[in-house]
Amino acid sequence: MITHMNVISPQIIENLSRTLARASDDGVRVSPRGGNSSQDKFLQATHADLIVDLRQFTRVIEYEPANLTASVEAGMTLAALQNILREHHQWLPLDPPQPERATIGGIVAANAHGPMRLRYGTLRDWLLGARVVLADGTIIHGGGKVVKNVAGYDLPKLFVGSFGTLGVIVEATFKLSPLPELTRTLRAQFSSHSAALNVMLAIAHWSVLPNAMELLDPLATQHESDAFTLLVQLGGARASVERQTRDSEALCQQQNPSQLITLEGAAEADAWRRVRDLPATLGEADITLLEWRLLPSQLDDAISHTYALAQQQHLDCTLFVRALQALWIALRGDDANVSALVAQLRARATEHKGHLVVQRMPPSLAGSVDVWGAPRADFVIMQRLKAQFDPHNILNPGLLVGGL
């Protein structure tokens with residue numbers, strides 16, 4: 001019988017398999033953990049009896065630079081993997097927050113991403129295969145080690161974004177990309193978010209997108225200025241970057257920026273490190289952090305609406321726009337007012353076919369603020385999948401939408 005409130009660190013996959021089999025038989029609730037850079041944001045939603053720490057699974061299973069593929073164990077951090085790939089001038093084009101802490105398995109389970117989602121997409125676009133231990137201890141493998149692998153169901157994608165509720169990811173295989181020859185970042189400051197968004201929307205129509213494009217309000221830049229700051233990273237062959245630089249500068253000048261500078265080298269890397277880690281650095285104990293997914297054309301109105309509602313509720317509000325696809329909102333103030341504003345914004349998001357998720361909240365709001373919002377019409381499919389893969393409901397029970 002497995003005792004409750006244990007933390008275990010299995011050294012081999014077979015030990016993990018046996019542990020899950022016993023847990024399934026005994027009805028012990030299990031929570032897989034890596035660097036805990038994503039899941040800790042709403043752990044109040046689940047009650048685990050057994051924590052399975054996967055950070056000891058750090059091996060490179062297979063790396064073929066010529067084929068641009070790599071298979072690694074789930075406990076390896078993204079930073080460690082990138083260091084290995086960099087020796088061959090390659091990388092995995094993902095930049096979730098805190099790569100020195102975030103593990104490969106955790107990134108897959110959370111479908112974590114960062115600013116470069118704009119050009120490179122999410123983990124689903126780079127995952128070729130995965131090895132997973134199911135709730136009953138069964139070890140399965142899906143996908144392959146080649147880019148063109150389309151026969152049958154794409155089983156590994158099922159575990160992307162599942163937050164450990166369907167199985168424990170122990171290995172992942174990715175396709176890789178050559179490092180760009182050159183990167184360069186334009187940093188422009190504007191008196192209004194509307195001016196910056198005009199530039200972003202114009203750039204979004206280019207045939208080749210920038211690597212990343214972020215808009216930060218004055219609080220998100222820690223009051224470096226009173227302006228709204230736009231960062232645009234260009235990447236690729238030198239000739240292409242030079243041309244895109246000229247085009248970007250021309251678009252910025254049309255909106256009368258108060259500042260327009262170019263960043264390269266260490267200054268550029270530092271700027272993007274701070275932007276990449278905003279979801280983590282804004283996640284202080286008393287902060288409620290929201291992610292509102294919406295259309296680019298809706299961003300201007302959503303920002304104005306959020307500021308107005310936050311002022312009505314007497315809340316401190318910090319905003320930044322990620323990859324032209326999501327508005328991130330950090331709120332601080334009275335719990336009742338925060339709860340009311342979350343409800344108002346979620347209603348607005350639903351009205352405009354968007355979606356709002358609570359990425360982090362203080363313990364005082366647990367139970368009074370719904371992390372995910374109402375289940376969608378396809379929720380019944382999620383229930384069936386959960387019942388099929390975890391019939392005894394032992395893996396992170398209650399963590400996902402609808403208490404799944």
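The values are calculated or read from the model by the stated rules, or taken from the named source; none is laboratory data. The structure presented is a predicted model; accordingly, all values stated were derived computationally and were not measured. Don't worry about glycine lacking a Cβ; one is built from the backbone with ideal geometry, like all the others, and counts go over all protein chains shown. Keep in mind that these areas ignore ligands, DNA and RNA; they rest on the heavy atoms of the full protein, side chains included. Shrake-Rupley method; radii C 1.70, N 1.55, O 1.52, S 1.80 Å.
Things to note:
- Length gained when the stretch Q259-T281 is fully extended (0.36 nm per residue, less Cα-Cα span): 5.4 nm
- Expressed per residue, the C-alpha convex hull volume of segment 325-404 stands at 111 Å³.
- Heavy-atom accessible surface of segment 305-404: percent carbon and sulfur, 1.4 Å: 53 percent
- Restricting segment 46-128 to trypsin sites (Lys or Arg not before Pro) in coil, as DSSP defines it, with at most 12 other Cβ within 10 Å: R59
- Spatially close lysines, pair count over the chain: Cα under 18 Å, gap of eight or more or interchain: 6
- With the simple spin-label model, which puts each label point 7 Å out from Cα in the Cβ direction, the V380 to K353 separation comes to 2.3 nm.
- Note on N67/A343: beta-carbon distance plugged into 1/(1 + (r/R0)^6) with R0 of 45 Å gives a FRET efficiency of 0.35.
- Using R0 = 35 Å, the C-beta based FRET efficiency linking I51 and D125 works out to 0.70.
- Cleavage-rule hits (GluC sites (Glu not before Pro)) in segment 220-326: DSSP loop, at most 16 neighbouring Cβ within 10 angstrom: E224, E264, E284
- Extension gain for the segment A202 to V401, taken as residue separation times 0.36 nm less the Cα-Cα distance, is 68.1 nm to one decimal.
- Taking all Cα pairs closer than 8 Å and separated by 6 or more residues, the relative contact order of the chain comes to 18 percent.
- Isotropically averaged projected area of segment 253-404, using the convex hull of Cα atoms (one quarter of hull area), nm²: 12.2 nm²
- Cα coordinate range in segment 133-279, projected on the principal axes (Å, largest first): 60, 35, 28
- log₁₀ of I(q)/I(0) at q = 0.10 Å⁻¹ - the chain, Debye sum with one point per alpha carbon: -0.71
- Average accessible area per residue (Å²) across segment 152-255 - probe 1.4 Å, nucleic acids and ligands excluded: 38 Å²
- Dividing the summed helix terms, -39500 (n - 2.57) for each DSSP H run of n ≥ 4, by the number of residues in the chain produces a 222 nm estimate of -9000 deg cm²/dmol to the nearest 500.
- Each Cα pair under 8 Å and six or more residues apart adds its sequence gap; the mean of these over the residue count of segment 261-388 is a relative contact order of 28 percent.
- Contact order, relative form, for segment 215-271: 18 percent (alpha carbon pairs under 8 Å, 6 or more residues apart, mean separation divided by residue count).
- Under 16 Å from a label point set 7 Å out along the Cα-to-Cβ vector of L182, the amide N atoms of segment 265-307 belong to 265-266, 268.
- Across segment 374-385, computed HN-Hα scalar couplings (Karplus, 6.51 cos²θ - 1.76 cosθ + 1.60, θ = phi - 60°) run 5, x, 7, 5, 8, 4, 4, 5, 4, 4, 5, 5 Hz from first to last residue, x flagging Gly and Pro.
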